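Q: Just passing along the structure, written as structure tokens.
The values are calculated or read from the model by the stated rules, or taken from the named source; none is laboratory data. A quick note: this is a predicted structure, and the numbers were derived from the prediction, not measured. Here Cβ is always computed from backbone atoms with ideal geometry, including for glycine, and neighbour counts include all displayed protein chains. Calculation scope for accessible area: heavy atoms of the full protein, side chains included, ligands and nucleic acids excluded. Shrake-Rupley method; radii C 1.70, N 1.55, O 1.52, S 1.80 Å.
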Number of protein chains: 2
Amino acid sequence: MRTETHTTGRPRAFDEETVLDRAAEVFWRHGYEGASLSALTSAMGINRPSLYATFGSKELLFRRAFTRYHETKVANARAALEQPTAYAAIEAFLRSSADALTTGDHPPGCLSIQGGLACSPENAHISETLAAGRAATETALEERLSRAAKEGDLPDGMDARALARFVMTLSEGHAVHAAAGASREDLQASVDIALRAVTVPH
Amino acid sequence: MRTETHTTGRPRAFDEETVLDRAAEVFWRHGYEGASLSALTSAMGINRPSLYATFGSKELLFRRAFTRYHETKVANARAALEQPTAYAAIEAFLRSSADALTTGDHPPGCLSIQGGLACSPENAHISETLAAGRAATETALEERLSRAAKEGDLPDGMDARALARFVMTLSEGHAVHAAAGASREDLQASVDIALRAVTVPH
DNA sequence: CGTGATTTGTACCGAGCGGTAGAGTGAACG
DNA sequence: CGTTCACTCTACCGCTCGGTACAAATCACG
């Protein structure tokens, strides 16, 4: 029943990570509460008992899917922070985010937001989990920019934490826009403007 | 049954706009799908048949509540656009939005986003309605900034539409942050940075 | 004060929800 | 080649959902 390696018996007819990705898409498009078990199982290509034997519950399935999402998609955006300068890191972060929000490989927007900004009271910790994921990304940004501040790599008087929040905010707003159908070019034009705020006035 | 003035009969025991505001709060906090009829009726202080006699359905109730929200809360932010310069209009828009997103008078964040970014397929037009509301605000911003462009009131080479999108995006991102508990000061510090993008470099 | 119109409260409807029981199925091992 | 064991499938569970029927309650008006 658990994910331990089993000894014998009938082998599983599906790949766990594949069906997780399919589940993530459904949550992404319809939100946690809007994703019914019927929609999930049919998208995953498995039936209910298999889902419950493998993942335990709808909520645990969601957490697994979200974790995987975070480790793949979000990690990608975080890699942008390794750029040598603060400006380059911010630009890479915003540009790769804008691209990811509008790629055809998965639903538009961001699972961390569409998954459930507001939930019924009994699912409140779903929104909290998503918020914690976003906060972790913002913290990563802040740490990168704090380092930049020490290196004299930020405009004078610019606070690393506030700048991290600004960048993260913009990216979240882009996710909202993308979910509503904004194009990649629309988002990149908005990034162009945001970057003006980061340049040192001469 | 309709909202026409009735001639006689037992008078209504509640005020329509008051219960609409209560309903809006529930939708705001829990989203359209997360707001159950039981939660709605108990917050509104009326019972189911009264709700249905007055508003027709959950969806129509939501639309009425959202319209009222738009005509009151959102109209407030739009008033900021009447400032004499583009910079002042943008600043007023962002600052008053940040305040509204974090006031204690109603739930944090923005009904246009928390109401339902992602819905189950049968409620898809709820998200579309919300998106249309946000798009209308963005269009208002764009029109104000187009006028500014004609008046030479925008930085050189700045596109009014892209700038409107940038400002709206930031405000939406702030709504996401506010829904997750960000403080007013946090949002205003992000506005400070955003405004740097709008100033003309000297 | 009785009559008609309307709202109110209770109690209920079918449908779909998340979740599960239990028999059937099939690969791996002796 | 038969036993074992995990997985798969159909059919179902209790519950809550959005929505409603119906009768009691309460006003305006003659």
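Q: In bins 10 Å wide, starting from 0, what share of all Cα pairs of segment B:137-176 does each bin hold, as a percent?
A: Bin by bin from 0 Å, the calculated values are 34, 49, 16, 1.
Q: Could you work out the relative contact order of chain B, using alpha carbon pairs under 8 angstrom and six or more residues apart, expressed as a whole percent? Could you put the intermediate results ahead of the total?
A: Values: 190 pairs, mean separation 45.2, N = 202.
Answer for chain B is 22 percent.
Q: Which whole number gives the average, over all residues in B:127-139, of C-beta atoms from other chains lying within 10 Å of the residue C-beta?
A: Details: counts 6, 2, 0, 2, 6, 1, 0, 3, 4, 0, 0, 2, 0.
Counting other chains' Cβ atoms within 10 Å and averaging over B:127-139 gives 2.
Q: Ignoring ligands, DNA and RNA, please state the percent of accessible area on chain B from carbon and sulfur, probe 1.4 Å.
A: Working: 4670 of 9300 Å².
Whole-percent figure for carbon plus sulfur exposure: 50.
Q: Right, another one. Between residue B:156 and the same site in the other copies, what are the distances in nm, shortest first, taking label points 7 Å from Cα along the C-beta direction?
A: Label-point separations across copies, in nm and ascending: 2.4.
Q: If you roll a 1.4 Å probe over the heavy atoms of the protein chains, what accessible area per residue do you get for segment A:75-169, in Å²? Intermediate results must be reported in sequence, preceding the final value.
A: On the way: 3820 Å² over 95 residues.
With all protein chains present, segment A:75-169 gives 40 Å² per residue.
Q: Moving on to the next point. Give me the lysines in straight-line cross-link reach of residue B:73: C-alpha distance below 27 Å, same-chain residues under 8 apart excluded.
A: B:58
Q: First check a/c for segment A:74-144, with a ≥ b ≥ c the square roots of the eigenvalues of its C-alpha gyration tensor; if it is under 1.5, answer rounded, and if not, answer prolate when a/b is larger than b/c or oblate otherwise. Don't skip to the end; give the middle numbers.
A: Details: a/c = 3.70, a/b = 1.62, b/c = 2.29.
Because a/c hits 1.5 or more and a/b fails to exceed b/c, segment A:74-144 counts as oblate.
Q: Where does the charge balance sit around residue A:123 when Lys and Arg score +1, Asp and Glu -1, over other residues with C-beta under 9 Å from its C-beta? Present the calculation step by step, with values, prior to reporting the outcome.
A: On the way: positive: none; negative: A:33, A:59, A:122.
With Lys, Arg at +1 and Asp, Glu at -1, the neighbours total -3.
Q: Let me see the P(r) profile for segment A:93-185: every Cα-Cα distance counted, bins of 10 Å, each bin given as a percent of all pairs.
A: Per 10 Å bin, starting at 0, the Cα pair percentages come out as 16, 39, 31, 13, 1.
Q: Divide the volume of the convex hull of the Cα atoms of chain B by its number of residues and quote the answer in cubic angstrom per residue.
A: 133
Q: I would also like to ask the following. Return the sequence-ordered ³J(HN,Hα) values of segment A:78-84 in whole Hz as given by the Karplus equation 6.51 cos²θ - 1.76 cosθ + 1.60 applied to θ = phi - 60°, using x for Gly and Pro.
A: 5, 4, 4, 5, 7, 4, x
Q: What are the extents of the Cα atoms of the protein assembly as shown along their three principal axes, listed from largest to smallest and rounded to whole Å?
A: 78, 63, 31
Q: Bin width 10 Å, alpha-carbon pairs only: give the P(r) of segment A:133-202 as whole percents, running from 0 to the bin holding the largest distance.
A: Calculated over all Cα pairs of segment A:133-202, the distribution is 19, 45, 30, 7 percent.
Q: Semi-axes of the equivalent ellipsoid for segment B:107-153, please: Cα gyration tensor eigenvalues, times 5, square-rooted, ordered largest first, whole Å.
A: Numbers: eigenvalues 187, 29, 6 Å².
Working through the eigenvalues yields semi-axes of 31, 12, 5 Å.
Q: Something else about it: For segment B:15-134, take the alpha-carbon Rg, divide it by the Kirkwood Rh, and send me Rg/Rh.
A: Numbers: Rg = 15.4 Å, Rh = 15.1 Å.
We get a ratio of 1.02 for segment B:15-134.
Q: Calculate one ³J(HN,Hα) per residue across segment B:180-186 by plugging θ = phi - 60° into the Karplus curve 6.51 cos²θ - 1.76 cosθ + 1.60, and present them in order as whole Hz with x for glycine and proline.
A: My calculation for segment B:180-186 gives 8, x, 5, 8, 4, 5, 4 Hz in order.
Q: Continuing with this model, one more query. For segment A:27-75, with equal point scatterers placed on the C-alpha atoms only and solvent neglected, what are the log10 I(q)/I(0) values from the Debye formula at q = 0.19, 0.24 1/Å, to two decimals?
A: After summing over all Cα pairs, the log10 values are -0.62, -0.93.
Q: How big is segment A:47-93 on each of its three principal axes, counting only the C-alpha atoms and giving the largest first in Å?
A: Over segment A:47-93, Cα extents along the principal axes are 51, 12, 11 Å.
Q: Something else now. For residue B:56, which sequence-distant residues (separation of 5 or more, or a different chain) have an amide H within less than 5 Å of its own amide H, given hydrogens modelled in the peptide plane?
A: The answer is none.
Q: Give the average, rounded to an integer, of partner chain Cβ atoms located within 10 angstrom of each Cβ in A:182-190.
A: Values: counts 5, 0, 0, 1, 4, 4, 1, 6, 9.
The per-residue average across the peptide is 3.
Q: Sticking with this structure for a sec: With r defined as the distance between the Cβ atoms of residue B:36 and residue B:136 and R0 fixed at 45 Å, what FRET efficiency is calculated, to the nearest 0.05? Don't jump to the answer; show the numbers that get you there.
A: Values: r = 29 Å, r/R0 = 0.64.
Between residue B:36 and residue B:136 the formula returns 0.95.
Q: Now, a different point. Could you tell me the calculated FRET efficiency between residue A:76 and residue B:48, based on Cβ-Cβ distance and R0 = 51 angstrom, to the nearest 0.05?
A: Working: r = 48 Å, r/R0 = 0.94.
Between residue A:76 and residue B:48 the formula returns 0.60.
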